[in-house]
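J.: Just passing along the structure, written as structure tokens.
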Amino acid sequence: MAGNGRKQQILQAALACFSEHGVDGTTIEMIRDRSGASIGSLYHHFGNRERIIAALYLEGIGQYAGLLEAGLIDTLDAEACVRLFVTGYIDWVVEHPDWARFILHNRGRVEAGEAGERLRQFNQAHGERIAGVLRKHRQAGAFRELPGECFVSVVIGPSQDMARNWLAGRSKRPLAEYRELLAQIAWDSVRAAAV
């Protein structure tokens, strides 16, 4: 997790507790004990358990989005951009399996909570930045005709499904072994016939 200090210690402790006991099975006292923070410190930084959940969720998607956006520089060609969606996602999940599992299972909770609007704004801004990078490739004819809202699902959907299976222990092989295969499938799915 990015950053230092007490707030990060609390978030790390919360993630460990959520991974060990489940979100609903974790109490604020468990997070306090695991982090070594006082109840006052927890409430000072977050206010309540739901805000800890939201902060952990937003930090996780923010970290992944930041890595993706940093990689999607204008000098990348269309194929490299599409492959980065897949390989960046898989690499992040493999490096942070507990965090990825937490994110996969708690989106609805965060969307429905008081941080829901902040999450929607974050997703909209992230989506606009990604669309800006992809737009030049789309305009150059590198991608087949697909509805814009469908593009990312086609590219990342199979990787997300494999990640869910791997995180749940239903995959017999390490997720990283499918990295290049899934990247190739994503590119084959969206590239224009002439590319």
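J.: Kindly establish whether residue 55 is in a helix (DSSP H, G or I), among the small types (Gly, Ala, Ser) and either touching an Asp or Glu at 6+ places or on another chain (Cβ under 6 Å) or within 16 Å of residue 155 (Cα to Cα) (or both).
T.: No: the conditions fail for residue 55.
Yes/no per residue for (1) at pLDDT 95 or above; (2) under 29 Å from residue 174 (Cβ atoms); (3) surrounded by 14 or more Cβ atoms within 10 Å (Cβ to Cβ):
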residue: 39; (1), (2), (3): no, no, no
residue: 74; (1), (2), (3): no, no, no
residue: 96; (1), (2), (3): yes, yes, yes
residue: 117; (1), (2), (3): yes, no, no
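J.: If a residue has to be more than 23 Å from the chain's Cα centre (by Cα), modelled with pLDDT under 95 and hydrophobic (A, V, I, L, M, F, W, C) to count, how many in the range 1-34 make the cut?
T.: Qualifying residue count for the region: 1.
J.: Could you list, in sequence order, all residues of the range 140-195 that are of a type in the set (D, E, K, R) and either under 16 Å from the mean Cα position of the chain (by Cα) or over 22 Å from residue 107 (Cα atoms) (or both)?
T.: 144, 145, 161, 164, 172, 173, 177, 179, 180, 188, 191
J.: Something else: Of the residues that make up the range 109-122, is at least one in contact with a helix residue (DSSP H, G or I) (Cβ under 6 Å, 6 or more places away or on another chain) and over 30 Å from residue 51 (Cα atoms)?
T.: For the range 109-122, residues in contact with a helix residue (DSSP H, G or I) (Cβ under 6 Å, 6 or more places away or on another chain) and over 30 Å from residue 51 (Cα atoms): absent.
J.: Separate question: Between 29, 20, which is over 23 Å from residue 97 (Cα atoms), out of contact with any Pro (no Cβ under 6 Å at 6 or more places or on another chain) and surrounded by fewer than 16 Cβ atoms within 10 Å (Cβ to Cβ)?
T.: 29
J.: Can you tell me which residue is modelled with the lowest pLDDT among those in the range 143-159 that are surrounded by 15 or more Cβ atoms within 10 Å (Cβ to Cβ) and closer than 16 Å to residue 183 by Cα?
T.: 152
The values are calculated or read from the model by the stated rules, or taken from the named source; none is laboratory data. Note that this is a predicted model, so its numbers are computed, not measured. Note that we place each Cβ from the backbone using ideal geometry, even for glycine, and neighbour counts take in every protein chain shown.
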